[in-house]
Amino acid sequence: MYIPEYFIEKDLPTLHEFMRQHSFATVVTQQGSRPFSSHLPLILDNSIGSQGTLIGHMARNNPQWQDFAADAEILVMFHGPHAYVSPAWYEAKNMVVPTWNYMAVHAYGIARIQSEENLERTLHRLVGIHEKAFEQPWVLEVTQLMRERMLSAIVGFEITLTSVEGKFKLSQNRPLTDQRKVIAKLSESIEINNSESIANQMSLRLQEE
């Protein structure tokens, strides 16, 4: 991913937290001369490997899992909030153009297929993570019939990460006066895209500096 110096995020705990908050990711592999992608909910386990490990599953009918056997590097993209930024919001009115503020993390790693036992653990973890927000969480109970008919239809995998990079493009290349005006305008435009989320992230960055 192209990342100008202004927008680089290198802090691994920050990147990991972003990946947890935006865990519905895009997994990209190469099939011959063409890229292939799947959109999947993933679990990040930062206790495995120096960069962490991503855990998930996909349908066995999805041919992508067969790419994991090649030991080729896999790209996983995590997408955060984004919003259009108008040049009318800057103090300077000359030589300015529209842009887009956004946050994204790319993780690279090598995958391996899980055993059936580990796949079952993955399903329990995934359900537990996403059900805990509900007043009456649904509990996964895996019966023998479910193992035979449903677990056999999916493939579990783990991606041991080799590197993680973040691009948090939040107007850091603009003067502080412009950054504050962009925050104010985005806060006024909460009905557009994720403008409020981007404004909040920009505000947090300014407070940390």
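The values are calculated or read from the model by the stated rules, or taken from the named source; none is laboratory data. The shown structure was predicted, so the numbers you read here are calculated from the model rather than taken from an experiment. As a convention, Cβ positions derive from the backbone with ideal geometry for all residues, glycine included, and neighbour counts pool all protein chains shown. For accessibility, only protein heavy atoms count, side chains too; no ligands or nucleic acids. Shrake-Rupley method; radii C 1.70, N 1.55, O 1.52, S 1.80 Å.
A few notes on this one:
- Within the stretch 9-23, residues that are open to solvent by 70 Å² or more (accessible area, probe 1.4 Å) sit with their Cβ atoms under 7 Å from residues that are outside any helix (DSSP H, G or I) and of a type outside the set (Lys, Arg), at 6+ positions apart or across chains, in these pairs: Arg20/Leu44.
- Of all the listed residues (Tyr84, Tyr102), the sole one being at pLDDT 95 or above, in contact with a helix residue (DSSP H, G or I) (Cβ under 9 Å, 6 or more places away or on another chain) and open to solvent by 60 Å² or more (accessible area, probe 1.4 Å) is Tyr102.
- Taking (1) of a type outside the set (D, E, K, R); (2) closer than 20 Å to Ile8 by Cβ; (3) touching a Leu at 6+ places or on another chain (Cβ under 6 Å); (4) in a helix (DSSP H, G or I) in turn, Val164 satisfies each apart from (4).
- Residue in the stretch 37-45 that is touching a residue at least 60 places away in the same chain (Cβ under 8 Å) and open to solvent by 50 Å² or more (accessible area, probe 1.4 Å) present: no
- Among residues of the stretch 95-121, those that are over 18 Å from the mean Cα position of the chain (by Cα) and of a type outside the set (A, V, I, L, M, F, W, C), counted: 10
- Met95 over 22 Å from Asn118 (Cα atoms), touching an Asp or Glu at 6+ places or on another chain (Cβ under 8 Å) and open to solvent by 50 Å² or more (accessible area, probe 1.4 Å): no
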